[in-house]
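Here is the structure we will look at, set down as C-alpha cells.
Here, each number is a calculation from the coordinates, and none is a lab measurement. Predicted model only: the values in this text are computed from it and were never measured. When we count neighbours, we look across all protein chains shown, and the Cβ atoms used for this are built from the backbone with ideal geometry, even at glycine.
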Amino acid sequence: MSSRAHGNGAAGSGSASHVETEVPPVELEGVRAAYGGIEVVHGIDLAVAAGEVVALLGANGAGKSTTVKVAAGLLPPTAGTVRVAGRDVTGVPSHALARIGVCTIPEGRGVFPNLTVRENLWMATQVTGDRAALEDAAFARFPRLADRRSQLAGTLSGGEQQMLALSRALVTDPAVLLLDELSM
C-alpha cells in the first residue's frame, strides 16, 4: 500500500512501489482551509492506507493542526474533498464522522478534568455500551490508569492524561484515529 502526501506541512510514509488495491480509510484531495480570509492549508493531497501510520511534520503555523481539523470535520475545507472509506464527507460535522468511526484526540488531550478516570472512559460507552469491557480493555493497555480509576482526570500527570485520552479513543475501535500534537 502507499500513501501520498504533499502540500504545505505534510509528510507521508510508505512505498510507491505497491499498487493501492483498497479504498483508503481517509483521503484528502486538493484540500484548502482558511481562518477568515487567511488560507493556511494550500492544496493537501493525502491518502492513508489501512493500518498505516502517517505523521504530518512542519514548523509551527504550517497547517498540521488545521489539516487534522479538516479531516476530523471540525473545520470545513474551503476547497477540495475529504473521503472516509471512499465516501465523500467534505463538510460533514465531527459528530457525524464519529458515528462512522473517525475518532480525534485534540491538542491538549481533551479529557474531562472534573470527571474521574472511570467516568472519562464511560464517555465512550455511547459507542461500546459495556462499561466493564471498556475498563478492562483500557486498564489492560495502560495498567497505570487502573491505579488511578477513581482519581479526577485533571489531577493526573500529563502522560497519564494522554494515556486516558488514548484509551478512551482506542476502546471505540475507530476506523480512523486522528491525533493532534501527540507529543504534548
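Tell me the net charge near GLY61. Cut-off is 15 Å between Cβ atoms, GLY61 excluded, with +1 for each Lys or Arg and -1 for each Asp or Glu.
Cβ neighbours under 15 Å give a net charge of -2.
Could you go through the range 65-76 in sequence order and give the Karplus-derived ³J(HN,Hα) for each residue, using 6.51 cos²θ - 1.76 cosθ + 1.60 with θ = phi - 60°, rounded to whole Hz, and x for Gly and Pro?
5, 5, 4, 4, 4, 5, 4, 8, x, 8, 9, x
For the range 100-151, state the average projected area of the convex hull of the C-alpha atoms over all orientations, rounded to one decimal in nm².
Working: hull surface 16.2 nm².
Across all orientations, the range 100-151 yields a mean hull projection of 4.1 nm².
If Lys and Arg each add +1 and Asp and Glu each add -1, what is the summed charge of the other residues whose beta carbon sits under 12 Å from the beta carbon of ALA165?
Computed value for this residue: -2.
Bin width 10 Å, origin at 0, all Cα-Cα pairs of the range 128-184: what percent of pairs per bin?
In order of increasing distance, the bins hold 22, 53, 24, 0 percent.
What are the semi-axes of the equivalent ellipsoid of the range 72-163, taken as the square roots of 5 times the eigenvalues of the Cα gyration tensor, listed largest first and rounded to whole Å?
Taking √(5λ) for each Cα gyration eigenvalue gives 30, 15, 10 Å.
List the residues, sorted by chain then number, that are 5 or more residues from ALA34 or on another chain and whose placed amide H is less than 5 Å from its amide H.
Those lying under 5 Å, H to H, from ALA34 are VAL40, THR78.
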